[in-house]
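Worksheet: one structure, shown below.
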Amino acid sequence: MTQSFDLVVIGAGIHGAGIAQAAVARGLSVLVLEQAGVASGTSSRSSKLIHGGLRYLESRQFSLVRECLQERALLLKLAAGLVELKPFYIPVYRDTARRPWLLYAGLSLYRMLGDGSPAMRFRRVPQRDWKSLDGLDTTGLEAVFQYYDAQTDDTALTNAVMRSAQSLGAQLKTSAIFTGALLGDPSNIIEYSHDGKCETCRGAVLVNAAGPWVKEVLSRIAPAPPQLGIELVQGTHILLPGKLTQGIYYVEAADRRVVFVMPWKGNTLVGTTEFIFRGNPADVAPLPHEVAYLTETLCRYFPRYRTGAPLLNVIAGLRVLPRGNATEGWEGSLHARSRETVLQVDRSERSGRSRLLTVYGGKLTTYRLTAERVMARLTDALPVRAPLADTRYLELT
Ligand SMILES: Cc1cc2nc3c(=O)[nH]c(=O)nc-3n(C[C@H](O)[C@H](O)[C@H](O)COP(=O)(O)OP(=O)(O)OC[C@H]3O[C@@H](n4cnc5c(N)ncnc54)[C@H](O)[C@@H]3O)c2cc1C
């Protein structure tokens with residue numbers, strides 16, 4: 001007999017895991033289909049920051065920053081072993097475009113958008129302490145600001161959210177490739193191949209949380225749902241030997257973009273880049289000019305790398321961003337495009353009932369909030385059941 005679920009979720013990245021958790025917390029039945037493994041897509045290739053996103057203030061994404069800071073505060077409590085508050089350092093040199101007054105203003109605004117806790121404090125690091133900053137180049141250095149944000153292990157966090165969902169009853173199938181769906185009333189018919197076998201199930205609502213594969217999944221659904229204009233933007237990180245002991249460095253690359261230099265499992269992780277990607281998301285790979293850009297930026301700030309260091313790893317991931325226009329300059333560049341998560345609901349023409357929800361873009365930091373919003377958008381289509389939990393209080397281990 002065909003199994004039926006309230007919700008069938010495609011993708012076990014942070015969004016699929018978060019949506020499954022929020023749904024089972026409401027007592028709903030959930031199946032998650034994942035073509036590879038949990039966090040095998042973008043959710044293991046991020047900069048691993050649970051952050052307000054100081055740089056989003058430049059593109060005036062104030063509500064996004066406020067939400068990210070709220071979720072950061074919550075995750076520091078719920079996932080204490082997985083999300084850790086870290087000092088961040090912003091060096092300002094004679095030739096740095098963002099001047100000290102601008103950083104002071106930005107950090108003051110960042111603090112105002114936060115919860116007023118000690119985690120929102122910032123300061124100017126006195127010159128006498130600059131030599132303790134992991135060998136940061138002090139030639140031409142005019143000021144260093146220190147503030148706080150959080151770091152996580154994205155793969156571990158995604159797995160923890162998925163385990164939490166499973167502990168409340170969500171079913172997860174890995175090596176399960178979604179192959180097609182027929183949208184209908186009162187439920188959708190969903191087909192997938194699992195360990196090479198074709199299987200079918202029914203779901204009152206289908207959730208497309210396939211990250212960079214979002215369009216590919218939509219193309220397999222009938223009747224064809226509406227689609228938003230998006231672009232896939234690749235971001236690369238490089239991993240080099242060398243331990244940073246003080247925290248994370250927020251530095252400006254030659255093109256004014258922000259690059260993070262971070263401690264990562266006893267080594268140093270540097271990222272990221274932004275280049276339009278066209279092709280199959282499974283084929284994303286670091287490009288030589290991205291590696292050169294990140295290496296040059298690292299050497300500019302940390303002279304000990306100027307004599308060369310072996311690359312331990314190079315990782316590329318894909319963001320889903322709203323499509324831009326070809327005439328944009330720096331201000332309208334990829335860097336400045338909205339990082340808001342967009343939810344698109346497809347309704348039955350006959351009954352008006354929601355039957356498909358697609359998640360575009362988003363952040364690791366705001367996955368829980370996104371999942372709650374997904375639930376709020378689907379109330380018309382999902383049954384009301386006795387809740388089992390509330391994601392605001394579910395600890396992640
Ligand atoms: C370089 C980079 C750095 C980033 N840094 C940060 C950061 O520091 N902090 C932050 O908050 N955010 C960051 N982000 C954003 C964040 O990482 C992403 O928004 C988030 O991981 C996306 O998760 P997702 O679940 O939507 O997608 P994914 O993690 O890609 O998950 C989608 C899943 O769907 C599966 N799938 C696809 N097609 C099918 C199919 N047909 N059948 C079954 N399964 C399928 C895939 O295998 C995949 O596992 C960064 C993003 C990038 C690219």
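Against the condition over 30 Å from G27 (Cβ atoms), within 16 Å of the ligand (Cβ to nearest atom) and among the hydrophobic types (A, V, I, L, M, F, W, C), how does A119 come out, does it pass?
Working: over 30 Å from G27 (Cβ atoms): yes; within 16 Å of the ligand (Cβ to nearest atom): no; among the hydrophobic types (A, V, I, L, M, F, W, C): yes.
The answer is no for A119.
Which residue out of V284, V261, V217, V251 is within 20 Å of the chain's Cα centre (by Cα), modelled with pLDDT of 95 or more, crowded, with 18+ Cβ neighbours inside 10 Å and more than 11 Å from the ligand (Cβ to nearest atom)?
Working: V284 fails: more than 11 Å from the ligand (Cβ to nearest atom); V217 fails: more than 11 Å from the ligand (Cβ to nearest atom); V251 fails: within 20 Å of the chain's Cα centre (by Cα).
Unique residue meeting the criteria: V261.
Looking only at residues of segment 46-62 that are among the charged types (D, E, K, R) and outside any helix (DSSP H, G or I), we find that the one that is nearest to the ligand (Cβ to nearest atom) is K48. Residue count for segment 1-45 satisfying the condition of being among the polar types (S, T, N, Q), away from the ligand (no atom under 11 Å from the Cβ) and not in a helix (DSSP H, G or I): 4. Among the residues in segment 100-110, are any among the hydroxyl-bearing types (S, T, Y), more than 20 Å from W130 (Cβ to Cβ), in the same structural domain as P126 (by TED's automatic domain parsing) and buried (at least 18 other Cβ atoms within 10 Å of the Cβ)? Within segment 100-110, one or more residues are among the hydroxyl-bearing types (S, T, Y), more than 20 Å from W130 (Cβ to Cβ), in the same structural domain as P126 (by TED's automatic domain parsing) and buried (at least 18 other Cβ atoms within 10 Å of the Cβ). Among residues of segment 123-134 that are acidic (D, E), those with a beta-carbon under 9 Å from a residue that is in a loop (DSSP other than H, G, I, E, B) at least six positions away or on a different chain give the pairs D134/G242; D134/K243; D134/L244; D134/T245; D134/Q246; D134/G247; D134/F302. Among the residues of segment 167-188, not one is in contact with a strand residue (DSSP E or B) (Cβ under 9 Å, 6 or more places away or on another chain) and either closer than 30 Å to V270 by Cβ or without any contact (Cβ under 8 Å) to a residue 40 or more places away in the chain (or both).
Of all residues in segment 176-214, which are near the ligand (Cβ under 8 Å from one of its atoms), in contact with a helix residue (DSSP H, G or I) (Cβ under 8 Å, 6 or more places away or on another chain) and not small (G, A, S)? Of everything in segment 176-214, those that are near the ligand (Cβ under 8 Å from one of its atoms), in contact with a helix residue (DSSP H, G or I) (Cβ under 8 Å, 6 or more places away or on another chain) and not small (G, A, S) turn out to be F178, P212, W213.
Residues that are surrounded by fewer than 19 Cβ atoms within 10 Å (Cβ to Cβ) and either over 23 Å from R123 (Cα atoms) or not aromatic (F, W, Y) (or both) within segment 58-72 comprise E58, S59, R60, S63, R66, Q70, listed in sequence order. Selection over segment 342-375 of residues that are part of a strand (DSSP E or B) and either modelled with pLDDT under 95 or within 12 Å of the ligand (Cβ to nearest atom) (or both) gives a count of 5.
Does R60 satisfy being charged (D, E, K, R) and without any contact (Cβ under 8 Å) to a residue 24 or more places away in the chain? If you could, list the steps in order and put the result at the bottom.
Values: charged (D, E, K, R): yes; without any contact (Cβ under 8 Å) to a residue 24 or more places away in the chain: yes.
Here the answer is yes, as R60 does meet what is asked.
When P118 is tested against (1) under 25 Å from R368 (Cα atoms); (2) modelled with pLDDT of 95 or more, just one condition goes unmet, and that condition is (2). In the set (1) at pLDDT below 95; (2) over 25 Å from Y249 (Cβ atoms), the condition left unmet by D6 is number (1). When T245 is tested against (1) β-branched (V, I, T); (2) over 23 Å from the mean Cα position of the chain (by Cα); (3) closer than 20 Å to V9 by Cβ, only condition (3) is not met. Every condition in (1) outside the structural domain of N267 (by TED's automatic domain parsing); (2) in contact (Cβ under 8 Å) with a residue 40 or more places away in the chain holds for I238 except the one numbered (1).
Do we have L232 as of a type in the set (A, V, I, L, M), touching a Leu at 6+ places or on another chain (Cβ under 7 Å) and near the ligand (Cβ under 10 Å from one of its atoms) here? When the stated conditions are applied, L232 passes them.
The values are calculated or read from the model by the stated rules, or taken from the named source; none is laboratory data. Small disclaimer: the values here were computed from a predicted structure and weren't measured. Here the Cβ is made from the backbone with ideal geometry for all residues, glycine too, and neighbour counts use every protein chain on show.
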